[in-house]
Amino acid sequence: MPTAKVLDLTSKEVGQVELTDVGFDVALNEPLIHEAVRSFLANRRSGTSATKVRGDVSGAGRKLWRQKGTGRARVASLRSPLWKGGGNVHGPQPRDWSYNLPKKMRKRAMCSAISERLREGNLVIVDEWKFDQPKTREFIKTLSDLKLNGKTLIVDSLKNTNLMLASRNVQTAKVVNSYGVNIYDLVNHQKLVLTPKTVEELTGILRPRLKDDEEHYGPRPDDREDGASRPPRRIPRNRGASA
């Protein structure tokens, strides 16, 4: 089970915290992380790009000239794509780009990214983000004391008003709560800062959920007339049946 140092805002060690193997000791899986990031970016697309087809552009629907006898090519509508100001052909239309990625894959990708940040030494655990006043200058000084250079993702409670106000004008820092952590932010930010409380919350969020239909085998009563033994009967777990 890996351990990490707990620092205060002056970069002084004040203790240690034990990290679970589930969320902080997972092997790097680049293809899975790539697929999770791709799914996140696809789900974030608005899909509102569109062009006007011949039924959307302005123009009369009358026939411009008669079909035969003019010596010119036949024409049906002024809104034809062949004409200037006509409709577009095969242009982009509003669509939904999102697709579903299994929850187990999303959790596994996040665990792999967090574990890699820990192995790189870019995971910092701060005892508490406590500011007397919401001063951006003080927040920047704290980042310098903690040696948090580059893009930094801070995971803390959104009720910490002083931290939220002090960091909102710093472009290289982003503050989210435990439920707002996503795979894109983990990959896009070089540093990850947690607190002992958010470590517990992330562990609970990323822990694999037990299957509701998990089954175990129990003895089956021998009630046959010939006295022959019966195979064990499968008893579903967590469905009100006793073992």
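Summary of values
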{"read-out": "Pick from the stretch 1-51, criterion of a type in the set (Ser, Thr, Tyr) and outside any loop (DSSP other than H, G, I, E, B), ranking: farthest from the chain's Cα centre (by Cα)", "value": "THR3"}
{"read-out": "Within the stretch 18-38, considering residues that are loosely packed, with under 13 Cβ neighbours inside 10 Å and in contact (Cβ under 8 Å) with a residue 40 or more places away in the chain, the one nearest to ALA113 (Cα to Cα)", "value": "LEU28"}
{"read-out": "Residues satisfying the stated conditions in the stretch 153-173, i.e. farther than 22 Å from VAL199 by Cβ, surrounded by 14 or more Cβ atoms within 10 Å (Cβ to Cβ) and in contact with a helix residue (DSSP H, G or I) (Cβ under 6 Å, 6 or more places away or on another chain)", "value": "ALA166"}
{"read-out": "Residue satisfying all of: in the stretch 153-162; closer than 23 Å to VAL187 by Cβ and not β-branched (Val, Ile, Thr); nearest to the chain's Cα centre (by Cα) among these", "value": "LEU153"}
{"read-out": "Close pairs (7 angstrom Cβ cut-off, 6 or more residues apart or separate chains): among the charged types (D, E, K, R) in the stretch 99-121, crowded, with 19+ Cβ neighbours inside 10 Å and not in a helix (DSSP H, G or I) anywhere", "value": "ARG117/LEU123; ARG117/LEU192"}
{"read-out": "Options SER98, SER80; residue that is open to solvent by less than 70 Å² (accessible area, probe 1.4 Å), in contact with a Lys or Arg (Cβ under 7 Å, 6 or more places away or on another chain) and hydroxyl-bearing (Ser, Thr, Tyr)", "value": "SER80"}
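The values are calculated or read from the model by the stated rules, or taken from the named source; none is laboratory data. The structure presented is a predicted model; accordingly, all values stated were derived computationally and were not measured. Glycine also receives a Cβ, built like all others from the backbone with ideal geometry; neighbour counts cover every protein chain displayed. Each accessible area value is taken on the protein alone, full model and side chains, heavy atoms only, with ligands, DNA and RNA left out. Shrake-Rupley method; radii C 1.70, N 1.55, O 1.52, S 1.80 Å.
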